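Below you'll find the structure, written out as structure tokens, and then a few comments.
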Amino acid sequence: MQKTSFAVAFALTALAAVSSVAAPAANKDPLDARTLNTIRSQFSKLMELANRHDLKALHGMFWQSPSVLLVAKSATPSEGNWAGFWGNDAVDQKLHDIAASGPVVLAPDFSKLRIVGLTHDLAESYVPLNITVSYAGQDGTPKPFLLIINWIRVRKDWKIASEIILPVPPTPAVKE
């Protein structure tokens, strides 16, 4: 019994020592401030291009890969209400369809934009925003969404690897 207690105590002490040594490294962002600012600029450019419906320039912001992903509202019942669109052709078509539906306005809350490095070649951004759109049965009034983007470094540029647009459900009525 004493050997077991000693082994458990030793293991816990070793785990605590490893955790305390690893903790500071885990908190350090792998990307420097200049790189994070570059991604912030790319995000601002994305919002500007989306609001102008500049589909050609938007195409260039996405990673050119069959693995690129856009999660957005679907107009096709068999896809469900929201769906993933994989590959550049599918992303381009979805953006074209949304832009062709009428005015689209993305209004991010830049004060809540958060960008973090995941590795030296991957980053993630998060921002709440209001989107005004009349696509796929939406009524053209601003509604709250969350926008999560995974960015990938391609040579010296940062490209969108995935863009996930999530609707924020209305707050349920409080029952008294």
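The values are calculated or read from the model by the stated rules, or taken from the named source; none is laboratory data. Values in this document were obtained by computation on a predicted structure and should not be read as measured data. Cβ placement follows ideal geometry from the backbone for every residue including glycine, while neighbour counts extend to all protein chains displayed. Remember, those area values only see protein heavy atoms, side chains included, never the ligands or the DNA or RNA. Shrake-Rupley method; radii C 1.70, N 1.55, O 1.52, S 1.80 Å.
The table below gives the values:
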quantity	calculated
Check on LEU15, open to solvent by less than 80 Å² (accessible area, probe 1.4 Å) and either at pLDDT 95 or above or not β-branched (Val, Ile, Thr) (or both)	no
Some residue of segment 154-172 being buried (at least 16 other Cβ atoms within 10 Å of the Cβ) and farther than 29 Å from PRO30 by Cβ	no
Selection count where residues are aliphatic (A, V, I, L, M) and modelled with pLDDT under 95, scope segment 58-73	1
Some residue of segment 149-164 being over 18 Å from HIS59 (Cα atoms) and more than 15 Å from the chain's Cα centre (by Cα)	no
Contacts under 9 angstrom Cβ, first residue in segment 105-126 being part of a strand (DSSP E or B), partner of a type in the set (Lys, Arg), 6 or more apart	ILE115/ARG40; LEU122/ARG153; ALA123/ARG153; GLU124/ARG114; SER125/ARG40; SER125/ARG114; TYR126/LYS112; TYR126/ARG114
Residues being of a type in the set (Phe, Trp, Tyr), surrounded by fewer than 18 Cβ atoms within 10 Å (Cβ to Cβ) and modelled with pLDDT of 95 or more - total across segment 74-92	1
Residue in segment 64-73 that is of a type in the set (Lys, Arg) and surrounded by 14 or more Cβ atoms within 10 Å (Cβ to Cβ) present	yes
Condition check for ARG40: over 19 Å from the mean Cα position of the chain (by Cα), modelled with pLDDT of 95 or more and in a helix (DSSP H, G or I)	no
Exclusive hit being over 17 Å from ASN37 (Cα atoms) and open to solvent by less than 70 Å² (accessible area, probe 1.4 Å), set ALA123, ALA107, ALA100	ALA107
